[in-house]
Amino acid sequence: SSWLPSHIGVRSSEQLDRAMGLRIFLPRLCVCLAVQVLGSPSIIYRLDPSWQPRFPAGTGSFAAVDVDGDRVVIGQRNTSWPDPVLVFDRAGNFLHSFGRNEVGKGVHHGVANWGVHGINLRVSPGSSSDTTIWVSDFLNHTIIVFTMSGKFLGMVGHGASSDVDKFDSPADIAFHGDSAFIVDGDGGKNMRVSRWLLKDGFFDHPVWVVPDSHPENRTVQLFDHPHSVDWHPSTGKIIVADRDHWRILLMDPDTAAISGNVTCDLDLGPGSKQGRPFGVRAWQHGKEDFLLVEVAGNEQVETNHQMFHVLDASGFKHGRCIVLQSLSIDPLHCHTPHLLGMDRGNGDVYLACNQQPHSNVVRLIRDSEGKDVLRRLVH
């Protein structure tokens, strides 16, 4: 059955720890699940100071990042560098770049930009050598697929359109089986979520689009700048960051029905000290079931509420949610967290912050003490 609690869970309590510009928050008493963290607080995620990517001169405005094995793929918008897609190894060494002939170039907020918005890696089952890079282009309104070496494989869409097989500023993609789920409308008019069937590793046809009406025929917007999406294994739902509605939703992948609100207690809202959910990623490994949420402030006050949250997602299907950890992100180190990537092998998280002059990509890692805390929370 459907459930739509507006804010579920409890707020984390602040501790006095600081690490590399990140203020650390951890739960002390979680009444909703009768869980208590015993002993001294320990960090679940912490900034990795060893990650110092060697960005080529002229790159910047880092909008997106994703990871597979030893490769970290970053989308950058500065046209001073001739390509929008950068590939690094896990140590931060720059390897190569590509995309100049396929990704759009234009003016965004008065500045010349590459059109890269989202970067999503699709790993073929049993073969990391077949990993493909999917680029959401908000200027040409396309989704473009490359090999890891930068070979162009295909493109869907071209020019802003509300037709079911087109896009208007696509933002992010999630994959599950032979389906791709797309949030479409960060800056465009579509403001919608769609599911596409994949065939031979590429788009075949759309299965559904919600809402299915053209923007000019709507009296109310179901979504407002949907910005990020991921697959949540334990519920079998997709998770959508409905950014400018200040909420995080569960959607049924078959019917497209909104089946839950998992905004939890994240201080999302229109206030100057509140924020918007920009990025979501799910992590499930053993008994760990987490939702990772990247938050930036509202227009003109982006730096007032820059946060990274770890939620216990194991109770989502029962309408329960708890904040395990919150990190306040220093805007002088990483300004405006835009999208995030996850190493699906070990749980490392990469945050792409896109506002100059403090655009950056930072890595958050978990240490053994953090894993011990999580084991006590989920057992």
Subject >> Count of the range 58-88 residues which are small (Gly, Ala, Ser) and in a strand (DSSP E or B) >> reply: 3
Original post:
Does the range 229-251 contain any residue that is farther than 26 Å from residue 327 by Cα, in contact (Cβ under 8 Å) with a residue 12 or more places away in the chain, open to solvent by 40 Å² or more (accessible area, probe 1.4 Å) and not in a strand (DSSP E or B)?
Top reply: no
Original post:
Do the conditions hold for residue 180, that is, is it closer than 25 Å to residue 336 by Cβ, at pLDDT 95 or above and of a type in the set (A, V, I, L, M, F, W, C)?
Top reply: no
Subject >> When residues of the range 57-83 are limited to those that are in contact with a strand residue (DSSP E or B) (Cβ under 6 Å, 6 or more places away or on another chain) and among the hydrophobic types (A, V, I, L, M, F, W, C), the one farthest from residue 110 (Cα to Cα) >> reply: 67
Subject >> Residue in the range 274-290 that is small (Gly, Ala, Ser) and over 25 Å from residue 120 (Cβ atoms) present >> reply: no
**OP:** For residues that are among the acidic types (Asp, Glu) and open to solvent by 10 Å² or more (accessible area, probe 1.4 Å), scanning just the range 63-88, find the one that is farthest from residue 171 (Cα to Cα).
**Re:** 70
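Hey, can you tell me all the residues within the range 197-228 that are open to solvent by 10 Å² or more (accessible area, probe 1.4 Å) and hydrophobic (A, V, I, L, M, F, W, C)? So that I can check it myself, show each step before the final result.
The initial filter retains those residues of the range 197-228 that are open to solvent by 10 Å² or more (accessible area, probe 1.4 Å), namely 197-222, 224-225.
Passing the criteria: 197, 198, 202, 203, 207, 208, 209, 210, 220, 222.
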Original post:
residue 145: farther than 29 Å from residue 324 by Cα and open to solvent by less than 10 Å² (accessible area, probe 1.4 Å), yes or no?
Top reply: yes
Subject >> Search result, residues across the range 158-195 that are surrounded by fewer than 17 Cβ atoms within 10 Å (Cβ to Cβ) and closer than 12 Å to residue 241 by Cα >> reply: none
**OP:** Just give me the residues in the range 261-280 being buried (at least 24 other Cβ atoms within 10 Å of the Cβ) and part of a strand (DSSP E or B), in sequence order.
**Re:** 268, 275, 276, 277, 278, 279, 280
Subject >> Check on residue 91, over 22 Å from residue 186 (Cα atoms), out of contact with any strand residue (DSSP E or B) (no Cβ under 6 Å at 6 or more places or on another chain), part of a loop (DSSP other than H, G, I, E, B) and open to solvent by 30 Å² or more (accessible area, probe 1.4 Å) >> reply: yes
**OP:** For the range 287-339, please list each of the strands (runs of 3 or more DSSP E) lying entirely inside it that holds at least 1 residues being open to solvent by 10 Å² or more (accessible area, probe 1.4 Å), among the polar types (S, T, N, Q) and more than 11 Å from residue 353 (Cβ to Cβ).
**Re:** 322-328
Subject >> Search result, residues across the range 195-228 that are of a type in the set (Gly, Ala, Ser) and either touching a residue at least 40 places away in the same chain (Cβ under 8 Å) or under 17 Å from residue 259 (Cβ atoms) (or both) >> reply: 201, 228
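The values are calculated or read from the model by the stated rules, or taken from the named source; none is laboratory data. This is a predicted model, so every value here is computed, not measured. When we count neighbours, we look across all protein chains shown, and the Cβ atoms used for this are built from the backbone with ideal geometry, even at glycine. Ligands, DNA and RNA are excluded from the accessible area calculation, which covers all protein heavy atoms including side chains. Shrake-Rupley method; radii C 1.70, N 1.55, O 1.52, S 1.80 Å.
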